[in-house]
Structure formats: C-alpha cells, structure tokens
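Enquirer: This is the structure I have questions about; it appears just below.
Just so you know, all these numbers are worked out from the coordinates, no wet-lab data involved. These figures come from a predicted structure and were not determined experimentally. Neighbour counts run over all protein chains shown; Cβ positions are idealised from the backbone, glycine included.
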Amino acid sequence: MNKVLFAAAEAAPFYKTGGLGDVSLALPKALVKENVDLKVVIPYYKKLFPQKYAAGIKELTYFQVQVGEKSKYCGIKTLKLDNIEYYLIDNEEYFGRDSIYGYWDDGERFAFFQLAICEMMEKINYIPDVIHCNDWHTAFIPVLLKDKYNWINAYHHIKTVLTIHNIQFQGVFDPIVLSSLFGIGMNTFDHGTVEFYNNVNFMKGGIYCADAITTVSPSYAEEIKTPEFGESLDGILRDNAYKLQGIVNGIDTQVYDPATDPNILAHYHVDDIANKVKDKHALQKSLGLPQVDVPIFAVVSRLTRQKGMDLLLDALNDFLRKHDAQVIVLGTGERDLEVGFRGYQMAFPDKFVAAIEFNVKLAQQIYAGSDVFMMPSAFEPCGLSQMMAMRYGSVPLVHSVGGLKDTVKPYNHFTGEGTGFGFDDYRPEVLGKTMNAAYDLYSNNPREWNKIRFHGMKQDFGWQKSARKYRQLYQELAD
C-alpha cells in the first residue's frame with residue numbers, strides 16, 4: 001500500500017476559502033476509503049482553528065527550520081479526524097494571523113511551510129512514497145526535493161504530484177527568495193526551471209519538477225495549454241503535457257443531500273421531489289419575495305469577473321423587464337459588482353434579491369429552493385456549485401468551459417437529453433438568450449423541465465471515481 005502525504009494550505013472542516021479547502025477534505029476521505037495510507041499536512045492557523053476540534057490536538061515534536069539565514073521555530077501537532085491523521089505545522093509568527101492569505105510576506109510564510117514539510121518527514125520518521133502538492137503554496141516542494149534535499153537518501157524514492165486548482169495564482173516573487181528564503185543557489189533559475197520573466201515562479205518550478213501534474217477537470221487540463229487560459233504558463237504546460245491529466249473533482253454527497261440536509265425546511269429525493277416547492281416558498285418568504293410560482297434563477301458565488309458576474313449584470317436588465325421571474329444573488333466580491341447587484345434590488349424589489357454576504361445555511365436553502373442555478377464563469381477549473389445544485393434539483397446554466405463543460409450536458413431540445421443549459425460565446429446577450437431559453441422551457445414545457453431536473457439529480461458526483469484515478473496514479477508513480 002502506497003504512503004501518501006497530502007500537502008495543502010487549507011483544508012475543511014478546519015478552514016477554507018474556496019474549492020481547495022473542500023478538495024483537501026473530501027479527496028483524502030475518499031482515498032482512505034480506497035485503502036490509501038494517507039496523511040494530510042496543513043498550516044496551524046491558531047486564530048482560525050475551530051474550537052470544537054482543538055481538544056483533539058496533540059503535540060508531536062518541534063525543531064528549527066532555516067529560512068535563509070533565519071532560524072525559525074516549527075512545531076508539529078497531530079489530530080485524528082474521520083480516520084485521517086493531520087499534521088499541523090505551527091509557527092505563531094507566520095500562521096497566527098486573522099486570515100489565511102493576503103499578507104505582504106505570503107511568499108516567506110509558504111516558503112517556511114514547504115521547508116517545514118521537507119524537514120518534518122525525516123524528523124517524525126514518516127517518509128511517504130508520494131507527496132501530493134496542491135497549488136503554488138506547496139508547488140516548490142518538488143523543486144526542493146531535487147535541489148536542496150537531494151542528499152537525503154531516504155527521500156530519493158519519493159515521487160510528487162502537483163494539482164493545479166487555479167493556474168491564475170502562481171506564487172511569483174523576486175529571485176532573491178532562492179537564497180533569502182530557501183537557502184539554495186541560482187541553478188534552478190539559470191536553467192529556466194523556476195525563472196519567469198526575471199522572477200521566481202513557484203508553480204512553474206512545480207510543473208517542471210513534479211513527476212505528475214493534475215488539474216481538477218479534463219477540459220481545464222486542455223484549456224491551460226492554450227494562451228487564452230494558460231496565464232503565460234501554457235508553453236510550459238505543453239512541454240510537460242506528457243505528465244498532465246485532468247481528474248474532475250467530486251462533492252461530498254452525504255453533506256449535499258436534499259434528503260437529509262439539516263439546513264433546509266423540507267426534505268426530498270430524486271424519486272419524490274414534491275417537497276421542493278416548500279423549500280422554494282420558504283426561500284421566497286425568508287428573502288421578502290412574493291411567494292408565487294415563477295422560476296427562481298440563483299447565484300451562489302464570489303462576485304468577481306472571473307465568475308462572470310459582470311456578464312450577468314449586463315444581461316439582467318432585459319431579463320427582469322421581460323420576464324415574470326425572480327433572481328437571487330448570494331456572495332461577496334468586487335465592490336462595483338456588489339453595488340451593481342444592490343442597484344437591481346432597488347429597481348426590482350419584487351423580483352431581485354442581492355444578499356451580499358457569506359452565508360452557508362442560506363446557500364443550501366438556495367440550492368434547494370431555486371429552479372435555475374447560474375455559473376457564467378469566464379473560466380472555471382472545475383466548479384463544485386453546479387454539481388451541488390444538480391443534487392438539489394436546481395438546473396445549472398453555465399458557460400461551457402473547464403469543469404462546467406465536463407459536468408453539465410447542455411439540453412438538446414431535439415433529443416430531450418441534457419442536465420442543464422450551456423453557452424459558448426462569452427457575451428452578455430448570449431447569456432441573456434440562454435436565460436430566456438431556460439425561462440421558456442420552465443414556463444411552457446414542465447414535462448421536459450422535470451426530465452432535465454431528473455437527469456441532473458441522477459448524476460453521480462461522488463468522489464469515489466476520482467479517488468480511484470488518484471490511487472492508480474500514485475501506484476503507477478511508486479512502482
């Protein structure tokens with residue numbers, strides 16, 4: 001059985017800012033069920049750590065880590081939860097903050113994290129067969145194993161996997177970090193392994209040095225090899241295409257289950273969805289909307305241009321004026337987009353709600369109570385919300401890119417097949433036409449609408465298939 005160390009900057013249920021946190025919980029859980037000997041290593045953000053789990057933390061060891069010329073304390077704590085052992089990297093200076101990201105010294109914080117992981121393995125006598133790295137915060141580990149720690153015989157057999165969750169974030173810093181943080185020379189820079197427009201790029205180094213690269217959907221794996229989506233790393237990814245593959249994310253089908261979800265008023269399942277209308281009326285009532293039988297179009301998202309929220313703002317005016325429908329937007333994000341959505345609520349108080357907040361319970365209620373779930377993302381590595389929405393019988397309407405393309409099959413009115421609505425041409429008028437098509441089908445052909453909803457609810461978005469692909473990858477690397 002392969003030993004795997006799964007390294008990430010965040011992991012639910014302790015802390016998460018997005019999809020990485022969800023994956024760092026769900027994928028390890030699924031892998032353990034597939035009999036993979038796996039442990040997870042994350043930073044110990046003391047201020048953010050939930051009190052209900054704190055009692056289970058045990059002190060394992062501590063040592064000093066050289067960050068350039070500075071000697072820094074590193075504590076290793078452990079915690080067992082849901083059959084998974086977590087290693088928590090402790091340093092008050094780096095991780096005792098109010099947030100996970102967004103600090104001027106993030107480069108140094110995550111350089112320390114990666115150095116600490118490399119040092120920890122020998123100190124605690126846990127030498128994995130595979131280290132599974134995630135995004136730029138851990139992408140430099142494959143570089144360190146080949147450059148800084150190649151003298152440690154016990155590490156020679158270790159293989160590395162780098163998963164790119166979002167290539168937009170790469171960890172780009174001044175070349176001085178090689179000596180001032182990692183304590184290594186300029187070899188990797190001079191040879192082009194980590195050099196990126198005269199800077200050091202953690203992600204680029206990981207792409208070159210990892211033994212395998214994965215992304216979170218097959219379509220995204222293809223897209224990032226193109227200039228349009230590759231964020232200036234497309235050439236590097238084409239060079240390394242032989243070790244790149246896309247494995248679509250899953251969702252926790254026990255948590256996201258309308259038959260048992262404690263956050264919703266009425267429970268239902270794919271073979272009996274009669275209660276869904278109760279959740280719809282409860283949602284309308286809680287948000288001050290008229291409790292009428294019109295389609296509810298909903299968004300639960302970061303309100304950013306990457307998520308296509310500027311496109312939606314441009315499409316909404318015509319849609320709301322033309323149709324007897326309701327639209328709900330939940331999320332926070334870019335200030336001008338928040339203001340734009342609040343403006344629609346003032347203009348259409350009986351049709352539009354802008355809930356500018358982060359609210360997990362309301363998100364679940366929106367999945368259950370809405371009819372159409374919109375994700376017009378400019379790009380989307382995988383996306384989880386469209387899969388959650390389908391579980392709850394809310395029909396997804398998506399821009400057909402990345403994981404949205406892989407998980408939502410556009411409705412074909414000739415054959416009646418499909419699980420949602422999709423559009424390719426990224427313009428507000430095309431989004432508007434697609435919203436009109438969804439509205440018309442809901443209003444005029446309830447039989448076809450229910451067929452789409454049924455097909456979506458029947459999809460298997462659990463982690464089991466993806467976990468088996470990762471287990472196979474680990475096995476191939478370790479053999």
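Enquirer: Computed from these coordinates, which is Cα extents along the principal axes in Å: (i) 73, 67, 54; (ii) 70, 47, 42; (iii) 64, 54, 46?
Expert: Working out Cα extents along the principal axes in Å from the coordinates points to (ii).
Enquirer: Which of the aspartates and glutamates could a cross-linker bridge to LYS405, judged by Cα under 18 Å and excluding same-chain residues fewer than eight apart?
Expert: GLU222, GLU223, GLU228, GLU380, GLU417, ASP424, ASP425, ASP460
Enquirer: Rounding to the nearest 20 debye, state how big the charge dipole of the range 271-310 is about its Cα centre with +1 on each Lys and Arg Cβ and -1 on each Asp and Glu Cβ.
Expert: Charge dipole, the range 271-310, about its Cα centre: 260 debye, nearest 20.
Enquirer: Sort all Cα-Cα distances of the range 1-118 into consecutive 10 angstrom bins from zero, then give the percent of pairs in each bin up to the one containing the longest distance.
Expert: Result, from short to long distances: 13, 46, 33, 7, 0 percent.
Enquirer: Could you give the dipole magnitude of the range 276-457 about its Cα centre, charging the beta-carbon of Lys and Arg +1 and that of Asp and Glu -1, in debye to the nearest 20?
Expert: Approximately 500 debye in magnitude.
Enquirer: On a straight-distance basis, which aspartates and glutamates could pair with LYS72 in a cross-link, Cα separation under 18 angstrom, same-chain partners fewer than 8 positions away excluded?
Expert: Counting by Cα, and skipping residues close in sequence, LYS72 has these aspartates and glutamates nearby: GLU59, ASP90, GLU92, GLU93, ASP105, ASP106, GLU108, GLU119, GLU122.
Enquirer: Moving to a separate point now. Determine the percent antiparallel among the DSSP beta bridges restricted to the chain, to the nearest 5.
Expert: So the antiparallel bridges in the chain amount to around 30 percent.
Enquirer: Still on this structure: Under the rule a/c < 1.5 gives rounded, and otherwise a/b versus b/c splits prolate from oblate, where does the range 201-267 land using the Cα gyration tensor?
Expert: Taking the square roots of the gyration eigenvalues as a ≥ b ≥ c, the range 201-267 is prolate.
Enquirer: Show which lysines lie in cross-link reach of LYS52 when reach means a straight Cα distance below 22 angstrom and same-chain residues fewer than eight apart are skipped.
Expert: LYS16, LYS29, LYS39, LYS77, LYS80, LYS361
Enquirer: From the residues GLY192, GLN284, ALA325, which one has its Cα farthest along the dipole of the chain in the positive direction, the dipole being from +1 and -1 charges on Cβ of Lys/Arg and Asp/Glu about the Cα centre?
Expert: Most positive-ward Cα: GLN284.
Enquirer: At 222 nm, what helix-only mean residue ellipticity would the chain give, in deg cm²/dmol to the nearest 500, using -39500 (n - 2.57) for each DSSP H run of four or more?
Expert: Only helices count here, giving -11000 deg cm²/dmol.
Enquirer: Taking Cα atoms, how many degrees apart are the long axis of helix 276-286 and the longest axis of the chain, rounded to 10 and kept between 0 and 90?
Expert: That works out to roughly 90 degrees.
Enquirer: Also: Charges on Cβ only, +1 for Lys and Arg, -1 for Asp and Glu, centred on the Cα centroid of the range 1-87; of THR17, ILE42, TYR73, which one is farthest towards the dipole's positive end?
Expert: Most positive-ward Cα: TYR73.
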